Amino acid sequence: FYCKGVSFFMQNYKWIKHIFKEPFVCDNGKATTIQTVTICLQDISSGRFLISPFSSFILEEFGCKKTSSQIAAANVVVAFLNYIYFFLEKTIYCATPQDAVDFIDAKFVKRNTKDAYANTLTKFFLFLHKSNMIIIPNNIPLEKFHITGYMYAPVQRKQDVIHNIKTEYLPLFIQCAKDVAPDIVLGIFLQLFGGLRCSEVVSLEYSDIAISSKDSNIRTMFINLRDKDLRPDLPNAFTAKVKVNRRQEIIPAFGTMLFDLYESHRTSYKRTDTLAIFIDANGKAMTSKTYARKFQKVKKEFIKRLSESEDISTQSYAIYLSTYKWSTHICRGVFSNLIADNSNNVSEIAAWRGDKSLVSSLTYLNDNQVVAEKTLKTLNKLYEGENE
């Protein structure tokens, strides 16, 4: 490669991220999948690729972190390499810290995202220096070297995001899911009343479900959320990853609806060739992308039915929901607000949400006492009124 004016050879290539997946049997006999995130140079015409030495950066700096963190770092490095080679027409050997600053500055992303880019590229430059690929100027002590100084350009305004659905409309929302996407209605319930993320829902297996009675009157469900890969056949990492491994309680709202949905789902969709609870049209574990696409059908139907109501306030709410941006994560927001309405203990809210940090839960803080019981009473009172 030439330092300035990359050779014609390079014009047929691009830098990519690739995840290699290998089956592995643990000491306890349980099968799992090992994922290795690599940085590669790909021939655009043939699709073939070569693993780059830059892959060592991901292994050395992020090898002990979750696959999602490795992927995020690799995405930054790949984007920067393509910027260097094909926009600036340099090689990495001629890259400078200022190139990294300009690269970050050109991104229309939030300030904290730019900071994350800067942190990754700082580590990448130190890796390149250690590997004798570049030389960091002598007047900059390595322990003080950091990619910084980029200008903060305001992010192009995007459609505002909302994080809640009014409680009184939740039964209708679930009914819409039953009608247009019955294969994910159970998942939507688990999100609404257990705070599960989309990725956590589609990573569920039947062995992760436990049903027990907290007292003589109330049955509840507990979900064992574990990090795993249900689609080792996919070329890239399965995006259905559990953010925090935990045992999550599901609030059995609306009478026996949770258990009715669970039994109905098992009857209709359980297969003998997979333990996955949510499966696609091919009988394989559903991906987050497929789940999200089905959720959009539910959203569209929900807004349609609200808009067809004879009640003016309901019609107005339909307009409100169609004005703002929201997707599967809104269900987690619904759950968070329900919990916060019945607690003033931020640690308790964080525990229910499965947050590592208390900061994420501060937004929902309100009042106290036995969270599950108060929330359940609120929801069941609403449901009983709806069905009178």
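Compared with the direct C-alpha span, the chain from D43 to S268 gains 76.5 nm at full extension, assuming 0.36 nm per residue. Cross-linked pairs K66/K304; K66/K144; K114/K297: Cα-Cα separations exceed 32 Å for K66/K304; K114/K297. Rounded to the nearest 0.05, the FRET efficiency derived from the C-beta distance between N12 and E205 at R0 = 41 Å is 0.40. Taken along the Cα-to-beta-carbon direction at a fixed 7 Å, the label points for F86 and S327 span 2.4 nm.
Here each label is just a point 7 Å from Cα along the line to Cβ, and for I312 and E168 those points are 1.5 nm apart. With a/c under 1.5 counting as rounded, go ahead and sort segment 160-209 into rounded, prolate or oblate using the C-alpha gyration tensor (a ≥ b ≥ c being the square roots of the eigenvalues; past the cut-off, prolate if a/b is larger than b/c, else oblate). Oblate. Ranked by the mean number of other Cβ atoms within 10 Å per residue, highest first, peptides 43-49, 30-36 order as 30-36, 43-49. Available extension along the chain between F20 and S68 is 15.9 nm, counting 0.36 nm per residue and deducting the alpha carbon span. Sorting the segments 176-187, 266-277 by their residues' average number of neighbouring beta-carbon atoms within 10 angstrom, most packed first, yields 176-187, 266-277. Give the shape of segment 192-341 as rounded, prolate or oblate, defined through the alpha-carbon gyration tensor: a ≥ b ≥ c are the square roots of its eigenvalues, a/c under 1.5 means rounded, and otherwise the shape is prolate if a/b is larger than b/c and oblate if not. Verdict is oblate for segment 192-341.
When a/c reaches 1.5 or more, the comparison of a/b and b/c decides; with that in mind, is segment 277-334 rounded, prolate or oblate per its Cα gyration tensor?
Working: a/c = 3.44, a/b = 2.30, b/c = 1.49.
Cα axes put segment 277-334 in the prolate bin.
Spatially, segment 228-299 and segment 98-141 are offset by 39 Å when compared through their Cα centroids.
Every number in this text was worked out from the coordinates using simple rules, so none of it is lab data. Since we're looking at a predicted model, the values are computed, not measured. Using ideal geometry, Cβ is built from the backbone for each residue, glycine included, and neighbour counts are taken over all protein chains shown.
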